[in-house]
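Working notes for the structure below.
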Amino acid sequence: MRIEDEGQMVCFSFDMPRFADNPPAKWKELEDNTVHVEVSFSAVEKLTLKGLKEDYIGDLAIDIDNSGLVNAKITGTFDLSIIAEYGFIDSVSGYKKLN
């Protein structure tokens, strides 16, 4: 996770728990087996982080509240909550993860 612009932007990335059912041809050619997603939130109004651990495993939920703000929550081995004006999926990529 990165916090930028004096806390106004929060960015993080994660691997999906399952590989894509219909991956792009390039991912197949490269024998990729993991989907990596990068997301960012800007105009952050509130950020809460609890329970830092070495192994980050959690469920991500993103929705829009009644006032139009983006609410992102991760619950698992740590808890993260972000309330922001904007949320972006910056990239979705594949790579070959060595087990």
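Please treat every number below as a calculation from the coordinates, not as lab data. This structure is a prediction, so every number in the text was calculated from the model and none was measured. Using ideal geometry, Cβ is built from the backbone for each residue, glycine included, and neighbour counts are taken over all protein chains shown.
General observations
- Across segment 13-27, rounded Karplus estimates of 3J(HN,Hα) from the backbone phi angles (6.51 cos²θ - 1.76 cosθ + 1.60, θ = phi - 60°) give 9, 7, 9, 6, x, 10, 7, 4, 5, 10, x, x, 4, 4, 5 Hz, Gly and Pro being marked x.
- As a size descriptor, the averaged projected area of the C-alpha convex hull of the chain was calculated at 7.5 nm².
- Partner lysines for Lys96 [C-alpha distance under 29 Å; skip if fewer than 8 residues away on the same chain]: Lys26, Lys28, Lys53, Lys73
- Considering only trypsin sites (Lys or Arg not before Pro) in DSSP loops that have at most 14 other Cβ atoms within 10 Å, the longest stretch of the chain without any of them is 54-95.
- Near the amide H of Asn33, within less than 5 Å, lie the amide hydrogens of Tyr95, Lys96, Lys97, all on another chain or at least 5 residues away, with H placed in the peptide plane.
- Placing unit charges on the Cβ atoms only, positive for Lys and Arg and negative for Asp and Glu, gives segment 2-95 a dipole magnitude near 160 debye about its Cα centre.
- At 0.692 mPa s and 37 °C, Stokes D of segment 54-99 from Kirkwood alpha-carbon radius, µm² per second: 260
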